[in-house]
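Written below as structure tokens is the structure these notes are about.
Every read-out reported here was derived from the displayed coordinates using simple, explicitly stated rules and does not represent laboratory data. Predicted model, so just to flag it, every value in this text is computed and none were measured. Quick reminder, even Gly has a Cβ in these numbers, built from the backbone with ideal geometry, and neighbours come from all protein chains shown.
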Amino acid sequence: MNIVVCLKQVPKKDSILRIGADQKWIDERDLSYEMSEADAYALEEALRQKEKHGGEVIVISSGPERVRQSIKEALAKGADRAIHLTDPLFNSGDPAVIARALAGALKNEKFDLIFTGLQSDDYGFAQVGLILAEMLGLPSATIVMEVQPEDSGVRVKRELESGWFQWVKLPMPALLTIQSGINQLRYATLKGIMAAKKKEIKEVKAADIGFTESDAISAQSIQRAYFPEKTKRTEIIEGKPAEAAAKLMEKLRFDARVF
């Protein structure tokens, strides 16, 4: 069974965040990075499936040179090879642009399953996996907590609201977005770290997959990034009890939106 795992490198959770001068995103100059948590669980699940059913695990990631750190970590944990999308045209926060680049790089790959994390730790859109499945014409399932490959497809357990779960069966190839906590993460061993140095990391440029400037046009943009503004305001409602109660209900319903 061949499994592709989509990885994203994000700022570490304990990073000190500062808003950039343009107020569009955080200042990245002093940040350190790590693999997004849900993607780490997706990688772990892929490695466990490989250990049970054989095949190979291919990791794919997009971004600058620093992304190779997370790619090498995945290879050290047991992934067989990697694809690194390195062109600046790929550097977008738009889920559709990212999915388009991933789809172009994977169109000639042979795989049974694609795993992505449920959502990234930075933007948290939870959209790249679903858009990628649509672009590749694959069935998909989200918020997956358990994966059971079968002869005729794959059976997955999905997390729903209020403590409910749902079992779904899909034909393969398919794409699954993996929930954090699906398994216990492993650490890279010294043997794995040494072996990772000999594993292939294929670099992909925009021209290699026919990705043009028009493909990199984002359909959305961040207007302003800012820290939550803490404010406190007290308003006294005066009048007769019935009138005050009516005004209070109106404010709770339309201003506070608690009803």
Per GNM of the chain with C-alpha springs under 10 angstrom, the most fluctuating residue out of ARG66, ARG29, ARG48 is ARG29
Checked against the positive end of the charge dipole of the chain (+1 on Cβ of Lys and Arg, -1 on Cβ of Asp and Glu, about the Cα centre), the farthest of GLY239, TYR33, VAL5 is TYR33
Toy charge model, Lys and Arg Cβ at +1, Asp and Glu Cβ at -1: segment 34-132 dipole around Cα centroid in debye, rounded to 20, equals 340 debye
When the chain is treated as a Gaussian network with springs between alpha carbons less than 10 Å apart, the largest mean-square fluctuation among ASN91, ASN183, ASN108 is found at ASN108
For the chain the mean separation of alpha carbon contacts under 8 Å (6+ apart) over residue count, i.e. relative contact order in percent, is 23 percent
Rounded to the nearest 0.05, FRET efficiency between PHE259 and LYS191 (Cβ-Cβ, R0 41 Å) equals 0.10
With Cα coordinates, the longest principal axis of the chain makes an angle with the long axis of helix 68-77, in degrees rounded to 10, of 60 degrees
Full extension between GLN220 and ASP122 adds, at 0.36 nm per residue less the Cα distance, a length in nm of 33.7 nm
Helix 95-106 sits off the longest principal axis of the Cα atoms of the chain, rounded to the nearest 10 on a 0 to 90 degree scale, by 10 degrees
Computed over the chain: longest principal axis from alpha-carbon atoms vs helix 241-254 long axis, angle to nearest 10 degrees, is 20 degrees
Under the helix-only model (-39500 (n - 2.57) for each DSSP H run of 4 or more, divided by the residues of the chain), the mean residue ellipticity at 222 nm, to 500 deg cm²/dmol, is -8000 deg cm²/dmol
Nearest-0.05 FRET efficiency for LYS107 and GLU250 at R0 = 51 Å, using Cβ-Cβ distance, is 0.35
Net charge near SER120 (other residues with Cβ under 11 Å of its Cβ; Lys, Arg +1; Asp, Glu -1) is -3
Given [x] 13.2; [y] 18.6; [z] 13.9 as possible values of mean projected area of the Cα convex hull in nm², the one from the coordinates is [y]
